[in-house]
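Taking it in order: structure first as structure tokens, then the write-up.
The values are calculated or read from the model by the stated rules, or taken from the named source; none is laboratory data. Treat the numbers as computed from the prediction; the structure is a model and nothing was measured. For neighbour counting, all protein chains shown are included, and Cβ atoms are generated from backbone atoms with ideal geometry for every residue, glycine included. Remember, those area values only see protein heavy atoms, side chains included, never the ligands or the DNA or RNA. Shrake-Rupley method; radii C 1.70, N 1.55, O 1.52, S 1.80 Å.
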Amino acid sequence: MQHFLRAYPRRTLLMLLALLVSGVAEGIGLSALLPLLNLAVNNSNSAPVSQHPFEQQLSAFMTGLGIHPGVGAMLALIVVALTLKNLLLLLAHREVGYTAAHVATDLRLQLLRNVMESRWAYFIGQPVGRIGNAMATEAQRASQAFLSGALMITFALQTLVYAGVAFALSWRATLLGLLAGLLLVVAANSLLRMARRAGGSQTLLLASLIARLTDMLQSVKPLKAMAREVEIDGVLRLETEQLNRALQRQVLGTAALGAVQETLLAATIAAGMYVALAHYAMPFTTVLVLVLVLGRMLRQFSKVQREYQKLSIGESAFWSLQRTIAQARAHAERPGSGLAPTLGRGIRFDAVHFDHAGRHLFNGLSIEIPARALTTLIGPSGAGKTTLVDLVAGLLEASAGRVLIDGQDIRELDLRAWRRMIGYVPQETRLLHDSILHNVTLGDPALDAADAERALREAGAWPFVAALPRGMHTPVGEQGAKLSGGQRQRIVIARALAHRPALLILDEATSALDPDSEAAVLDTIHTLRGRLTLLAITHQSAMVAAADRVYRLEQGRAVAVRPAFRGSGSDTRRVSPLSLPAPRPAG
């Protein structure tokens, strides 16, 4: 709770002032009950009731203000005090509600910002479901914990006001009430511990459950195709049942706390009335007001405990979210030195070393990628083709050596500005469940429908998009399921071209396509040749044949070859190296 109070000092101060003044106003209203009741009794046929010292002080105070302490004045005082109290409580609760909403929003934005700014090597090691759970569930539970903490402060201040009024009426009865409050704390201690443990279990189980569920749903098509969707139930059942037991413990703790509080509250009020009437012979009107005040004091104290219980349940989500944010912040990537990037001459790897998973992937790799030409990378799986592309994009950093962009070390460039010059087409054509327009622009306010149409035309996608009933506004379905593989691929290419990049990276962009779709994508690449720098990872002979420069990566080495293989099947043959400015073989 202290974290939240420090994060929102202005709202916290306003809330506390409103609560304090509203508590004082309610105390004044309650204080007027005793003289009001005594005035009513004295105006009846009964024998006059002597004034309580507290009543005398209040009457003297009102007389000093020029107010005659009659029935009308007392009623007016009660109404004004309660009205002021409710207005101030409304202000305080509004600030609490607004701040609770800000808490959830700020936590989500803080998490998103730090995760997006983390190094790629860290990012790919995080389960998508875990980040999604932190964004949705943990942020909301943390917000609810703040709300419970704020309400706990509200009820605690009201408890203090009631205690002050009760102490003025009878310090003995007030001490008895405080003793009852202490008994409530002792009786509820084990229940509060149960709630905290249940909350911690929920946080751990939800994180694991949602991470697993997200992974399963991403593979649901092959599971359903093989009639193995029941496997999802088997994998998730155990954690779901454990989560259910944690929720049951939370419900039991909450219900038991309420039952214990009600029982002790009734016993305390009954005992207090008996002592006041039988042993101290206090006037009935004083006892009536005292019972009212002490009863409200203990009820507010019970609410303090219940909100503290809710705070204990939700705080584990807040600290889990804070740990996720702190881990992402600790893995923040280096932004570079801020030099403006250009791509007029090309990209060069100068004796680059890179280690991965305890092995040397590159050992002094040196290659050149000329500007406005098509360069392809071939080689067996695991040779480092994708790693090379990640080094070009600045997603990974070389252990030694340099990656040079127009002769400038990539570590000296403004990394974000360099990435804004890149269009990236991945092997997996994942589209958003939205319109074609949104899938191309990704909601970028700097891009409009005209930019999307231009990019779709450049990607060779405009003919089929224009033929759709709703054109660019046609929804593509889950992961683009309403479109063919070739259509999805060309929309992904249009997405990469929408912001007019200088470098287009194609990572196995045609590997999953049929021959006709592959030919269409290759036609698109031919139209872009000479306008953009093209860097492609491929195993397809057609892409290799179209390239200006081809590098084979194998065993940490890179060798320049001509568009490498002709023929098919067993009728393939290696041909001689290209006559190009000689890149040095690595190693």
query: Which of rounded, prolate, oblate describes segment 291-331, given a ≥ b ≥ c as roots of the alpha-carbon gyration tensor eigenvalues and a/c under 1.5 marking rounded, otherwise prolate only if a/b is larger than b/c?
result: prolate
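Report the gain in length on full extension from Asp409 to Leu468: 0.36 nm times residue separation, minus Cα-Cα distance, nm rounded to one decimal.
Details: separation 59, 0.36 × 59 = 21.24 nm, distance 4.60 nm.
Contour length minus Cα-Cα distance gives 16.6 nm.
Based on Cβ point charges of +1 for Lys and Arg and -1 for Asp and Glu, what charge dipole magnitude is obtained for segment 397-508 about its Cα centre, in debye rounded to the nearest 20? Write down the numbers at each step before the final one.
Details: 14 positive and 15 negative charges, 59 e Å.
The calculated dipole for segment 397-508 is roughly 280 debye.
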query: Under a 1.4 Å probe, what is the accessible area of segment 300-350 per residue, stated in Å²?
result: 47
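Sorted by mean Cβ packing within 10 Å, highest first, what order do the peptides 91-101, 113-123 take? Let's see the in-between values first.
Details: 91-101: 17.7, 113-123: 15.6.
Ranked by mean Cβ neighbours within 10 Å, highest first: 91-101, 113-123.
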task: Within the set of other residues whose C-beta is less than 15 Å from the C-beta of His356, count the net charge using Lys and Arg as +1 and Asp and Glu as -1.
output: 0
- request: Positive end of the charge dipole of segment 362-475 (Lys, Arg +1 and Asp, Glu -1 on Cβ, about the Cα centre): tell me which of Ala373, Ala452, Phe464 has its Cα farthest that way.
  value: Phe464
field: Debye, to nearest 20: dipole size of segment 450-552, +1 on Lys, Arg Cβ, -1 on Asp, Glu Cβ
entry: 280
message: Between Arg10 and Arg345, what is the label-point separation in nm under the 7 Å Cα-to-beta-carbon projection?
response: 5.2
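Using packing as a proxy for protection, rank 288-294, 206-212, 77-83, 491-497 so that the peptide with the highest average count of other Cβ atoms within 10 Å comes first.
Details: 288-294: 22.4, 206-212: 20.0, 77-83: 16.0, 491-497: 25.4.
Ranking, from highest mean packing down: 491-497, 288-294, 206-212, 77-83.
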query: Tally Lys and Arg at +1 and Asp and Glu at -1 over the other residues with C-beta under 14 Å from the C-beta of Glu315: what net charge comes out?
result: +4
